[in-house]
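Taken together, the values in this text are just the output of simple stated rules run on the coordinates, not laboratory data. All of these numbers come straight from a predicted model, not from anything done at the bench. Heads up, the Cβs are rebuilt from the backbone with ideal geometry, glycines too, and the neighbour counts pull from every protein chain shown.
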Amino acid sequence: MAKYPISHNGKKKLGEFFRDILSFHIPASKEKILLDPTCGRRYLWEEYTKPDLSGNTRLEEYGKVIFSDVKDYGQEIVSDVRSLKFNQQFDGIIYDPPYFFGYSGSDDPRREDYGDYVQTYDDLLEFMEIANERFPSWLKDHGKLIVKCADQYHTKERRFYPHHYTWIDKLTNFELIDMFIFIHHRMSPTAFQVKDRPCSVIMHTYFLVFKKAKNMIRNF
Ligand SMILES: C[S@@+](CC[C@H](N)C(=O)[O-])C[C@H]1O[C@@H](n2cnc3c(N)ncnc32)[C@H](O)[C@@H]1O
């Protein structure tokens, strides 16, 4: 693996790219505890969960990774992120909540995996507020937050929403320290059916890396 990750995935698969990002920003150590409160089927963690010949996985390179999701995918905690409570702090939080709003409003081929996007724009903003308000207290001072998010072309509204920009804007208790672009390997077959398309077909996803803003350090 390269010493430094490159800001786009090139030909790497999602799991490989995520591993580059995570291992660079939060190098593996038995001392470190991570939280993924919207873990889903853990596609991101593919490189960490596949066993080697001795049956060990790379997840074991960290002290612990706590997986939680509102749906039961067989992970350790089944909970709405809003109801989670911890009496410990983490070295890193990986946050990948539903990234669009308005059903059938996206070009994203991966919506098959997690259902259609029935949440409202306010619901999407609430996921940002949760991160901004609650995550600083869940993170150690040196801790990092990795947000996975995407922009959206809303077909019905015929409007482009630069959600990644909104994320950066709303996370006022954090400072953006890095940004990566994952270029999708496949495209929605319906994306080109939009008549007089007012913006390009969105073919990428972001990984935004934050640290706590200075005024948040040791406030908890
Ligand atoms: C984009 S998917 C996450 C994909 C995941 N990172 C992976 O690697 O497979 C979004 C996840 O957020 C979960 N989710 C939605 N609302 C939630 C909530 N209020 N609290 C916790 N998880 C939630 C969904 O069940 C879904 O698994």
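Points worth noting:
- Just one of the listed residues (Glu126, Glu133) is assigned to a helix (DSSP H, G or I), within 14 Å of the ligand (Cβ to nearest atom) and not polar (S, T, N, Q), namely Glu126.
- Residue within segment 196-212 that is in contact with an Asp or Glu (Cβ under 8 Å, 6 or more places away or on another chain), touching a residue at least 24 places away in the same chain (Cβ under 8 Å) and of a type in the set (Lys, Arg) present: yes
- Residue that is nearest to Pro98 (Cα to Cα), among those in segment 23-62 that are in contact with a strand residue (DSSP E or B) (Cβ under 9 Å, 6 or more places away or on another chain) and among the hydroxyl-bearing types (Ser, Thr, Tyr): Thr38
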